[in-house]
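The structure under discussion appears below in the form of structure tokens.
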Amino acid sequence: NTDKLCCYYFFQSNKTLGEFIIENQNAFQYSSGELSRIINSIRLAAKVVSYKVNKAGLVDIVGAAGERNIQGEDQQKLDVYANNIFIQTLINREIVCGIASEENDDFITVEGSDSSHNNKYVVLMDPLDGSSNIDVNVSVGTIFSVYRRITPIGTPVTLEDFLQPGINQVAAGYVIYGTSTMLVYTTGHGVNGFTLNPAIGTFYLSHPNMQFSEDGNIYSINEGNYVHFPQGVKDYIKYCQLEEGDRPYTSRYIGSLVSDIHRNMIKGGIYIYPTSSKAPKGKLRLLYECNPMSFIVEQAGGKASDGFNRIMELQPTELHERVPFFCGSMNMVKKRFVYNIIYIAGCKT
Ligand code: AHG
Ligand code: MN
Ligand code: MN
């Protein structure tokens, strides 16, 4: 029957993430395999967190953990759990020299049994994105990015190794714990998405070479903050709602950055988290959220801006820095002359 046939072809034609990683590593003549091992560790941690997320409601994992993170946000139990799993997996395998996480005040120096200072990569992450959605059975995610350290190999990492502009990323990705669990990542050669078959715990290449369409018809923004937005953003929202040509656009906002961008990448759209009188610097974090998502968005042919500059060219000044964020389909982000929407510009010309 058709179901059996589809299943048969799925297994016949789809590579596993493991196979894909090895194939890609072999494409680089001088690859040491370190980056592959990092992606492998993230793959493992993602499976553990996915398993836990799927049991939310059955085990004691929903709700607040009773602590606040450095940014004054209430930590959820799953924030803390996911943070520990990703950090422990990376530390146990002794493959990075440092880790920075949205949930930790400071970066972590990894000192392994055989001098892990010799490793050359640092990982930055938002272990659980969309915390407010955990308790209501809506998609959440994990975001990660990988940089080559700046300070000499063999010495402990310093802040400088983490405060690098996004263009220095060697890999970035996200995991989405949705109707299915997916791992989507880039090493600068396009974006590929893998779907977890939970029955056997294997990720399969399900979305090869993901691409943003140049135009889209979805805009994603928390309109509850409308009155606090800059005038240019208000004008752009009205432009999206105007009946003309392919407009009005449709509005979709999940409240999990990973899920909102994942949907827009598949369907075409723009995601906006602007500055507002409530959040003068925006809400999203440059290092843990905006840079990795920008790398993926650009690799998929889209655009990511803080309203004036390319996100990935910003020089970070602190670990938990926030920035306004406009990203998605190229033409939607570029659109800036209509209704004086300079905030959507992404370039100064
Ligand atoms: P986190 O759960 O890691 O703190 O991130 C939440 C972020 C992002 O995922 C989402 O797009 C945004 O906050 C939603 O913010 P609002 O509730 O202000 O719209
Ligand atoms: Mn987040
Ligand atoms: Mn988070």
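Is it the case that the stretch 103-113 has a residue that's within 16 Å of ligand 3 (Cβ to nearest atom), open to solvent by 30 Å² or more (accessible area, probe 1.4 Å) and either acidic (Asp, Glu) or under 24 Å from residue 177 (Cβ atoms) (or both)? Looking through the stretch 103-113, at least one residue is within 16 Å of ligand 3 (Cβ to nearest atom), open to solvent by 30 Å² or more (accessible area, probe 1.4 Å) and either acidic (Asp, Glu) or under 24 Å from residue 177 (Cβ atoms) (or both).
Among residues belonging to the stretch 120-130 that are surrounded by fewer than 24 Cβ atoms within 10 Å (Cβ to Cβ) and at negative phi, point out the one that is farthest from ligand 3 (Cβ to nearest atom). Steps first, answer last, please.
Going residue by residue through the stretch 120-130, those that are surrounded by fewer than 24 Cβ atoms within 10 Å (Cβ to Cβ) are 120-121, 130.
Filter once more, keeping what is at negative phi: 120-121.
Numbers: 120: 26, 121: 21 Å.
Filtering the stretch 120-130 for residues that are surrounded by fewer than 24 Cβ atoms within 10 Å (Cβ to Cβ) and at negative phi, the one farthest from ligand 3 (Cβ to nearest atom) comes out as 120.
Say whether the condition of being buried (at least 24 other Cβ atoms within 10 Å of the Cβ), not basic (Lys, Arg) and not assigned by TED's automatic domain parsing to the domain that holds residue 72 is met by at least one residue in the stretch 234-247.
yes
When residue 189 is tested against (1) surrounded by fewer than 20 Cβ atoms within 10 Å (Cβ to Cβ); (2) not assigned by TED's automatic domain parsing to the domain that holds residue 131, exactly one condition is not met: (2).
The numbered conditions (1) outside any strand (DSSP E or B); (2) in contact with a helix residue (DSSP H, G or I) (Cβ under 9 Å, 6 or more places away or on another chain); (3) modelled with pLDDT under 85 are all true for residue 45 except (3).
Of all residues in the stretch 231-280, those being under 23 Å from residue 211 (Cβ atoms) and part of a helix (DSSP H, G or I) number 12.
Can you pull out the residues in the stretch 222-258 that are more than 16 Å from ligand 2 (Cβ to nearest atom) and of a type in the set (A, V, I, L, M, F, W, C)? Before the answer, list the steps.
So in the stretch 222-258, the residues more than 16 Å from ligand 2 (Cβ to nearest atom) come out as 223-252.
The answer is 227, 229, 233, 237, 240, 242.
With respect to the conditions (1) under 17 Å from the mean Cα position of the chain (by Cα); (2) open to solvent by less than 10 Å² (accessible area, probe 1.4 Å), residue 161 falls short on a single one, namely (1).
Taking the stretch 275-329 as the search range and keeping residues that are polar (S, T, N, Q) and over 23 Å from residue 159 (Cα atoms), which one is nearest to ligand 1 (Cβ to nearest atom)?
So the first thing to find is which residues in the stretch 275-329 are polar (S, T, N, Q), and the list is 275-277, 291, 294, 299, 305, 309, 315, 317, 329.
Pick out the ones that are also over 23 Å from residue 159 (Cα atoms) and you get 275-277, 299, 305, 309, 329.
Details: 275: 12, 276: 9, 277: 14, 299: 20, 305: 16, 309: 21, 329: 18 Å.
Residue satisfying both the conditions and the ranking: 276.
Tally up the residues in the stretch 95-134 that are at pLDDT below 95, small (Gly, Ala, Ser) and near ligand 1 (Cβ under 9 Å from one of its atoms), please. Count: 2. Taking the conditions (1) among the charged types (D, E, K, R); (2) modelled with pLDDT under 95; (3) surrounded by 15 or more Cβ atoms within 10 Å (Cβ to Cβ) in turn, residue 67 satisfies each one other than (3).
Condition check ((1) modelled with pLDDT of 95 or more; (2) under 20 Å from residue 326 (Cα atoms); (3) part of a strand (DSSP E or B)) across all residues:
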{"position": "160", "(1), (2), (3)": "yes, no, no"}
{"position": "182", "(1), (2), (3)": "yes, no, yes"}
{"position": "204", "(1), (2), (3)": "yes, no, yes"}
{"position": "210", "(1), (2), (3)": "yes, yes, no"}
{"position": "214", "(1), (2), (3)": "yes, yes, no"}
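The values are calculated or read from the model by the stated rules, or taken from the named source; none is laboratory data. Since this is a predicted model, take the numbers as computed values, not measurements. For neighbour counting, all protein chains shown are included, and Cβ atoms are generated from backbone atoms with ideal geometry for every residue, glycine included. For the accessible areas, the whole protein counts, side chains as well, though only heavy atoms, and no ligand, DNA or RNA atoms are used. Shrake-Rupley method; radii C 1.70, N 1.55, O 1.52, S 1.80 Å.
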